[in-house]
């Protein structure tokens, strides 16, 4: 297994620290203070995946895990993280070593899922991590085409900029 179990994000999300020990992750988040978040990339179903520091205490932040951590499934875990719609979970799996070009079982990329879900922050994180904006899904569509079909103007702009930077 690559990477760490826990990823602690500073309140502004700029600093990310990977740790393997629960107590160290909790202590680091509490030291960062209000707004810091811990993502447990091995959280199982019905267990909290994200905790946030609020008023000096760690609280569960409304996202439970799934069957994460199985060998050879890191990229599928990233796609599932994208479906959850929380950028800090996506960033944790990218930090852990998942490919920004991860695909689901039918060939849809993480970028397609983020675009379809209208998650510009996740699209930006995936592009920053190296996602290919020209990749096509099982229907032959790029994420840009999906964005245009669904009227996702901000995401379409991000994808157009990324495609311009690749040429």
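No lab work stands behind these numbers, since they all come straight from the coordinates. Just so it is clear, the model here is predicted, and its values are computed rather than measured. FYI the Cβ positions are ideal-geometry reconstructions off the backbone, even for glycines, and counts take in every protein chain you see.
Pull up the DSSP beta bridges for the chain and report the antiparallel fraction as a percent, rounded to 5.
95 percent
Highest mean packing first, where packing is the average number of other Cβ atoms within 10 Å per residue, the peptides 144-156, 12-24, 64-76 line up as 144-156, 64-76, 12-24. Within the stretch 32-167, the percentage of alpha carbon pairs spaced more than 27 angstrom apart rounds to 22%. In the chain, the longest principal axis of the Cα atoms and the axis of helix 22-32 are about 80 degrees apart.
Compactness check for the stretch 1-98: Cα Rg over 2.2 N^0.38 Å is 0.97. Summary of packing: across the peptides 128-135, 81-88, the per-residue average of other C-beta atoms within 10 Å ranks them, highest first, as 81-88, 128-135.
Computed from Cα atoms, the angle from the helix 153-166 axis to the main principal axis of the chain rounds to 80 degrees.
Note: relative contact order over the stretch 1-98, using C-alpha pairs below 8 Å and six or more positions apart, is 23 percent.
How would you rank 112, 4, going from fewest to most other Cβ atoms within 10 Å of each one's own Cβ? Mind dumping the intermediate values first?
Values: 112 27, 4 19.
Fewest-to-most ranking of 112, 4: 4, 112.
The share of C-alpha pairs in the stretch 44-90 whose separation exceeds 16 Å stands at 42 percent. Separation of the stretch 19-72 and the stretch 79-112, taken as the distance between their Cα centroids, equals 18 angstrom. Roughly how tilted is helix 87-96, in degrees to the nearest 10 and between 0 and 90, from the longest Cα axis of the chain? Its long axis makes an angle of about 90 degrees.
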